[in-house]
1. Under unit Cβ charges (Lys, Arg +1; Asp, Glu -1), what dipole magnitude, rounded to 20 debye, does the protein assembly as shown have relative to its Cα centre?
2. As a check on your grasp of the helix formula, calculate [θ] at 222 nm for the protein assembly as shown: sum -39500 (n - 2.57) over DSSP H runs of n ≥ 4, divide by the residue count, round to the nearest 500.
3. Comparing C:Arg191, C:Arg249, C:Arg176, which has the greatest mean-square fluctuation in the GNM of chain C with Cα pairs linked when under 10 Å apart?
4. Within segment C:1-31, list the chymotrypsin sites (Phe, Trp or Tyr not before Pro) lying in a DSSP loop whose Cβ has at most 12 other Cβ atoms in a 10 Å radius.
5. Comparing C:Gly214, C:Gly134, C:Gly177, which has the greatest mean-square fluctuation in the GNM of chain C with Cα pairs linked when under 10 Å apart?
6. Using θ = phi - 60° and the Karplus relation 6.51 cos²θ - 1.76 cosθ + 1.60, list the HN-Hα couplings for segment A:97-114 in order, rounded to whole Hz, with x at every Gly or Pro.
7. Under a cut-off of 28 Å between alpha-carbon atoms, report the lysines in cross-link reach of A:Lys98, not counting same-chain residues fewer than 8 places apart.
8. Determine the alpha carbon to alpha carbon distance for each of C:Lys368/C:Lys407; C:Lys97/C:Lys266; C:Lys52/C:Lys97; C:Lys64/C:Lys383; C:Lys52/C:Lys383; C:Lys97/C:Lys368 and list only those over 22 Å.
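The values are calculated or read from the model by the stated rules, or taken from the named source; none is laboratory data. Everything numeric here is computed off the predicted structure, so don't read it as measured data. Note: ideal-geometry Cβ built from the backbone for every residue, glycine included; neighbour counts use all protein chains shown. Side chains are part of the model used for accessible areas, which takes the heavy atoms of the whole protein and leaves out ligands, DNA and RNA. Shrake-Rupley method; radii C 1.70, N 1.55, O 1.52, S 1.80 Å.
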Amino acid sequence: MASHNLKPLSALGRETLAVETIGPVSTAEDADTALASLAIRRGREAEVMERAAQAGLPLPEPGRAESQGDWGAFWVSPGMWMVEAPFATHEDIVAHLKPLFGESASITEQTDAWARFEVAGPLQPLFERLCNLDLERFGPGSATRTMMEHLGVYAIRRAPDRMTLLGGRSSAYSLHHALVTAARSVF
Amino acid sequence: MLIPHPLLGPRDAQEFTYLGDAALIDRPDGLREPEAFHDYLYLRDNPAGVHRELWFHEQGDRSWLVVTRNTVTHEILGAELARDVARGRGRSK
Amino acid sequence: MRYSGLRVFREAMTGHKGWTPAWRDPDPQPSYDVVIVGGGGHGLAAAYYLAKEFGQLRVAVLEKGWIGGGNVGRNTTIIRSNYLLDGNQPFYEFSMKLWEGMEQDFNYNAMVSQRGILNLFHSDAQRDAYTRRGNAMILHGADAELLDREQVRRMYPFLNFDHARFPIKGGLLQRRGGTARHDAVAWGYARGADQRGVDIIQNCQVTGFRIVNGRVTGVETTRGFIGALKVGVAVAGNSSRVMAMAGMRLPIESHVLQAFVSEGLKPVIDGVMTFGAGHFYVSQSDKGGLVFGGDIDGYNSYAQRGNLPVIEDVAEGGMALMPMIGRARLLRTWGGIMDMSMDGSPFIDRTGIDGLYFNGGWCYGGFKATPASGFCFAHLIAKDEPHPTASAYRLDRFRRGAMIDEKGQGAQPNLH
Ligand SMILES: Cc1cc2nc3c(=O)[nH]c(=O)nc-3n(C[C@H](O)[C@H](O)[C@H](O)COP(=O)(O)OP(=O)(O)OC[C@H]3O[C@@H](n4cnc5c(N)ncnc54)[C@H](O)[C@@H]3O)c2cc1C
């Protein structure tokens, strides 16, 4: 095998993942999650739901995120979800999903299209700066897409004090900058 | 303005882009009815008052909605999935 | 009464007791040769030129509120003739020439100020586009200069030249462009028309058209029926509502555009400037307020007020261009209703009804058009044929594939 000394870079273009602690919040870039989109093909809704149930893969209601074992998923639009799994075991996530759903769903690799940040700490003061989400109505298990600093972002509330953010990888730096700037101005 | 998304609840209008009159759902066949197609593409009722209109949840779930809104007061009276409206009119897709 | 420096002096010596109202407040006559619906800039200018240039017609202007209360008194007062397309540029240049002689013509100070308008560019591609536009302007007899970054810096050293995303690379300058006092334009035309016998009738809303055998014979109003041989409609944001009363559907949507004024500041911007990477334009009024604006809100509206997202967007544009604007306090914002057309260009045309003429579709740019629009509308009404510079502004141009789409956005009014 050819030897090389290429190093993987994070979405922010760094050799190590960015972690910041700003007052009571921390923001950490995450590269340990594999991601694929799953969209029901026309007329195959019942079949997809049945196959998902058999595989133990949750397909939550609109606006929700769920996980079960290795699989997690959040709703993105009618008939479509993002499916998550640990990168270490599911780097080839599409190859894992295809056999489960056969021809009933369209499945697309998404892992490297996104930059993922885990935010922990008091969320309310930070996110009311960043976006128009109403956190009172966005409890744990909620997931949505919205805008932060003109960037389209998925936000998934994992716990009262934990939020996952997914932004386009090509604008990862801008999202990180927005996040850190907002945190510095709040705390 | 807050738009009551049928699936996601109230959402800031900032997340949406605006297309216009919901009559745009009913596109005539431009090859068979060029006159009707001209009117469809270029003419608008543009009422002052209640208006049914298409909004796209671009920075959200990418649903097209038919929003009923008063153009004089900006009051929003309701929102439906455009998909359901189109199907209700006998459209299959 | 003629206004002059001598007159001001004489009145100053006699306690200002000799001034008379600038126009009469007549009751409507039973009938006129021409009735103009809408006492905005365009309607008043049309009445003025009808009376002055096109013969001894008996003319009335019917206004549902007070003159100057519509868009003519709500705009950001920018005048320019920096268009690209054939159908537009000669018309707007004709308008520019009328601006240059207007105050002497109607003997009123409209504070026309040719302080120059500078359109900034931020990329090589945009420089190419502005070069092309400048050349088109020069070919049509207007003036245009392409400035490089250093020339812009000499004019406005405080701009954010090294913005990380939108560095300023230069600008297209039209020195003859500038501003005018918006409602004074309405007042000047009103006074000039009144002096030539035009009846300006305020608080008179047109509620219907009387049409007999395909020919208009007059208008129903809140002050009774008024007969007319010809009726010209120039009601801007209300175009669709008014023409619907004549059974017409128009290629127009009504949208709200907001404007903003800061507290008074020391002189800092002596011309008009537009940001090329977002939608933001700014000038400074003689009282010192920064007058600025940006995009329309983007949804159909007849409410003369807008919403916060656009205010945020405009503020962001201002901050990107001149960060010091962040220190200025906003005094006032308001909105006006734009007659947004399907290709971003206006109409000055006959209708399918004999004797009924339509003027509208001015989008957010009809103030600069006021003199030429009035002149060309008067020409069309008086002679029943379009003025040469307005011959492209036909209602059937979409059917003929002859759109005048400066922005290339297609039939999507909120993108023009
Ligand atoms: C915020 C803002 C900024 C703008 N900035 C610029 C700019 O910088 N440069 C530029 O060139 N243009 C600008 N414009 C556009 C410009 O102001 C308009 O295109 C132009 O004024 C429209 O023509 P008008 O003056 O005749 O309209 P208006 O002044 O609106 O006149 C129409 C009149 O018709 C009357 N009317 C309506 N219905 C009836 C009825 N049924 N019966 C009787 N009367 C009726 C209304 O009351 C109104 O007075 C701006 C507009 C706005 C709102």
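1. Values: 74 positive and 78 negative charges, 402 e Å.
Here the protein assembly as shown has a charge dipole of around 1920 debye.
2. -7500 deg cm²/dmol, from helical runs alone.
3. The residue that fluctuates most here is C:Arg249.
4. On the way: sites: C:Tyr3, C:Phe9, C:Trp19, C:Trp23; in loops: C:Tyr3, C:Trp19, C:Trp23.
Filter output for segment C:1-31: C:Trp19.
5. Fluctuation is largest for C:Gly214.
6. Listing the rounded values in order: 7, 3, x, 6, 10, x, 8, 7, 9, 9, 10, 10, 4, 10, 3, 8, 7, 10 Hz.
7. Result set, ordered by chain and number: B:Lys93.
8. Too far apart for the 22 Å limit: C:Lys97/C:Lys266; C:Lys64/C:Lys383.
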